[in-house]
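The values are calculated or read from the model by the stated rules, or taken from the named source; none is laboratory data. Bear in mind that the values here come from a model prediction, so they are computed numbers and not experimental data. Glycine also receives a Cβ, built like all others from the backbone with ideal geometry; neighbour counts cover every protein chain displayed.
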Amino acid sequence: MIFLYYIQEADKLTTINKWFNLIQIEGDKIILPIKAKEKIDDKRAQKLAHKTKKIFEKTRSKKIVISKEIQEQEEYRNQLYTYGLEIVEGKWLFELLACKSLDYLLKKKEMKKEETKITILVNDLSENMLANLRKIAKEYKMVNIVTNHREKFKKIEKQILEEDGIMIAVGNNKKKSLARAELILNVDFPSELINQYTIYDKAILINIRGNVKIAKKRFEGIAINDYEIVVQREEAFNYDKKTKYKAYETYEAQMNKRQPYEELSKQIERDKVEVIALMGNNTKI
């Protein structure tokens, strides 16, 4: 039984496959009757999505990785979401790689951790992000947490102070919390919430779980919403995943999310996973 499928465009497309919307299955690949760069209309996208759903009902699988080309078919992708399929997007891995992403950014900007203050926006803290927080608190000059759940994070603040001897600050002042924050790690604040705060004009935001756009007209900073990685150790594939798929999605798809943070971190180091780019605001760092 295959638990993970890769959905991609056809390298060669026959007229019959296109006319009848015939989907091919080759091992763990689902090949749609769509050519690269082809834009299909909503009606055809809905038909293909329905046929894809039928395949998953038969295989009892729900986890999928979508090629870069097929991701451009917005209606098709949206329909798959309505069917409850688990589309790997790399956001879970981005959270796991938060410290590596910060390391990469600071290196590019020639900043030193011991001289850098960082503000973390978070309401729901996962075990992985808690481990990242403790690591960040030990390495950076100052850590400020901005949250709508102050009582919950006050307990974490106390825990880190008692166990690690490190002070972090917890608050939620919409006029002051981000007014001077030059480096912001946004875990789960959506755009509409962030834009309620006074934001420093030249702030750099790394947005982990969602795509964020700063509405402030005078904002000259960078809102990072995407990233790139390189993996030194790769599994053998019977197709060229390097060109058809995003590396962070294929890598995340193969990870066991139930493993503890320590084991996941060991795997990342063993596979020599490195962040090689951060993207946002039409800017690539």
Legend entry - Restricting segment 60-88 to residues that are surrounded by 17 or more Cβ atoms within 10 Å (Cβ to Cβ) and under 14 Å from the mean Cα position of the chain (by Cα), the residue that is nearest to Ile40 (Cα to Cα): Val65
Inset, instruction - Could you look through segment 233-262, keep only residues that are modelled with pLDDT of 95 or more and exposed (fewer than 12 other Cβ atoms within 10 Å of the Cβ), and pick out the one that is nearest to Tyr6 (Cα to Cα)? - result: Pro260
Inset, instruction - Can you confirm whether segment 78-100 contains a residue that is assigned to a helix (DSSP H, G or I), more than 23 Å from Tyr261 (Cα to Cα) and of a type in the set (Lys, Arg)? - result: no
Inset, instruction - Would you tally the residues in segment 203-226 being out of contact with any strand residue (DSSP E or B) (no Cβ under 7 Å at 6 or more places or on another chain) and either closer than 16 Å to Arg180 by Cα or not in a loop (DSSP other than H, G, I, E, B) (or both)? - result: 4
Legend entry - Among the residues listed as Ile70, Ile55, Ile16, Ile34, the single one being farther than 22 Å from Ala181 by Cβ, modelled with pLDDT of 95 or more, assigned to a helix (DSSP H, G or I) and not assigned by TED's automatic domain parsing to the domain that holds Ile224: Ile70
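Say we look at segment 190-202 and pick out the residues that are touching a Leu at 6+ places or on another chain (Cβ under 8 Å) and not in a helix (DSSP H, G or I); which of these is surrounded by the fewest Cβ atoms within 10 Å (Cβ to Cβ)?
So in segment 190-202, the residues touching a Leu at 6+ places or on another chain (Cβ under 8 Å) come out as 194, 197-200.
Remaining after also requiring not in a helix (DSSP H, G or I): 197-200.
On the way: Tyr197: 21, Thr198: 14, Ile199: 23, Tyr200: 20.
Only one residue tops the list, namely Thr198.
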Legend entry - Checking Lys175 against (1) more than 23 Å from Glu110 (Cα to Cα); (2) not in a loop (DSSP other than H, G, I, E, B), the condition it does not meet: (2)
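Got at least one residue in segment 115-125 being assigned by TED's automatic domain parsing to the domain that holds Asp271, assigned to a loop (DSSP other than H, G, I, E, B), out of contact with any His (no Cβ under 6 Å at 6 or more places or on another chain) and more than 21 Å from Arg180 (Cβ to Cβ)?
Yes; the residues of segment 115-125 include at least one that is assigned by TED's automatic domain parsing to the domain that holds Asp271, assigned to a loop (DSSP other than H, G, I, E, B), out of contact with any His (no Cβ under 6 Å at 6 or more places or on another chain) and more than 21 Å from Arg180 (Cβ to Cβ).
In this structure, does Ile120 turn out to be in contact with a helix residue (DSSP H, G or I) (Cβ under 8 Å, 6 or more places away or on another chain) and without any contact (Cβ under 8 Å) to a residue 60 or more places away in the chain? Walk me through it before giving the result.
Values: in contact with a helix residue (DSSP H, G or I) (Cβ under 8 Å, 6 or more places away or on another chain): yes; without any contact (Cβ under 8 Å) to a residue 60 or more places away in the chain: no.
So Ile120 does not fit the description; no.
Examine segment 265-274 for a residue that is assigned to a loop (DSSP other than H, G, I, E, B), among the charged types (D, E, K, R) and either farther than 18 Å from Lys91 by Cα or free of Cβ contacts under 8 Å to residues at least 40 places away in the same chain (or both), and state whether such a residue exists. Give the steps one after another, and end with the answer.
Filtering segment 265-274 for residues assigned to a loop (DSSP other than H, G, I, E, B) gives 271-272.
Remaining after also requiring among the charged types (D, E, K, R): 271-272.
When the remaining residues are screened for being either farther than 18 Å from Lys91 by Cα or free of Cβ contacts under 8 Å to residues at least 40 places away in the same chain (or both), the result is 271-272.
Yes: one or more hits.
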